[in-house]
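In what follows, a single structure is set out as structure tokens and then discussed.
The values are calculated or read from the model by the stated rules, or taken from the named source; none is laboratory data. For clarity, every value in this text was computed on a predicted model and none was experimentally measured. Cβ sites come from the backbone with ideal geometry, for glycine too, and all protein chains shown count toward neighbours.
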Amino acid sequence: MTEPTVSTAPPAAAAEAPPRPPASIIPLAGLPIVGIVIAFLIVSIAGNWLWALDFYHVVGGGMWTALDLFVGFVVGPVIIARMSIPARAEFMARFMPAMALIMPTLVTMTLSSGFQLARHLGYLDPSYPRHAWVVASFVLVGVMAVIAIGILEPANLAILFEMRKPEPNGELIGRLMRRFVYTSGITGLMQVGTLIIMTRLAS
């Protein structure tokens with residue numbers, strides 16, 4: 001009488017199971033924080049509160065610069081490059097929804113407060129001695145804003161929507177993620193140019 005054989009094959013299917021998709025495209029818990037930040041920004045602009053506008057411009061610009069440099073030169077080539085494919089997908093499921101909310105907020109903070117400060121302090125007047133530097137900063141920041149909202153954000157959202165599909169296209173996600181990382185690095189380098197211009201204006 002033969003004994004029934006029990007399969008002892010390794011649980012490869014479980015190991016290769018796709019990671020869970022992001023719970024939502026936008027982290028809903030962060031929306032109230034963004035709402036408070038934007039509301040206070042609007043009040044600061046309406047009231048011409050220079051201290052608040054300075055705060056928004058310095059903090060927003062600093063975080064935007066740091067985030068671009070971190071994504072372009074640390075997250076992409078150092079962190080993601082060393083991860084396994086399932087770990088990459090899990091990382092993106094957590095990281096990309098936050099970026100979809102943080103990036104537009106930082107861009108709005110920096111540009112709105114910066115323009116209001118320039119208007120209030122007379123930097124927009126063509127007779128201002130360093131008006132050319134102001135124009136250069138507007139051009140550079142404008143290009144970065146177009147890249148952030150027109151390239152980074154669509155790539156981010158496309159990754160999130162693709163990851164939520166029943167059968168995500170890994171090759172497409174990889175291409176979009178490379179676009180996101182490379183573009184972040186480029187805008188990070190451009191941010192260094194804005195820092196040079198800002199210190200020149202302040203000197």
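If a residue must be touching a residue at least 12 places away in the same chain (Cβ under 8 Å), surrounded by fewer than 16 Cβ atoms within 10 Å (Cβ to Cβ) and under 18 Å from GLY60 (Cβ atoms), how many such residues does the range 130-150 contain?
Counting residues in the range 130-150 that are touching a residue at least 12 places away in the same chain (Cβ under 8 Å), surrounded by fewer than 16 Cβ atoms within 10 Å (Cβ to Cβ) and under 18 Å from GLY60 (Cβ atoms) gives 2.
Return yes when THR65 is in a helix (DSSP H, G or I), polar (S, T, N, Q) and at pLDDT below 90 and no when it is not. Walk me through it before giving the result.
Details: in a helix (DSSP H, G or I): yes; polar (S, T, N, Q): yes; at pLDDT below 90: yes.
Yes, satisfied.
Testing ALA98 on (1) surrounded by fewer than 16 Cβ atoms within 10 Å (Cβ to Cβ); (2) modelled with pLDDT of 90 or more, one condition comes back false. Which one is that?
Unmet for ALA98, out of (1) surrounded by fewer than 16 Cβ atoms within 10 Å (Cβ to Cβ); (2) modelled with pLDDT of 90 or more: (2).
Is the range 50-65 home to any residue that is without any contact (Cβ under 8 Å) to a residue 60 or more places away in the chain, in contact with a Leu (Cβ under 7 Å, 6 or more places away or on another chain) and small (Gly, Ala, Ser)?
Yes: one or more hits.
Filter the range 164-199 for residues that are of a type in the set (Lys, Arg) and part of a loop (DSSP other than H, G, I, E, B); which is surrounded by the most Cβ atoms within 10 Å (Cβ to Cβ)?
For the range 164-199, the residue satisfying everything is ARG164.
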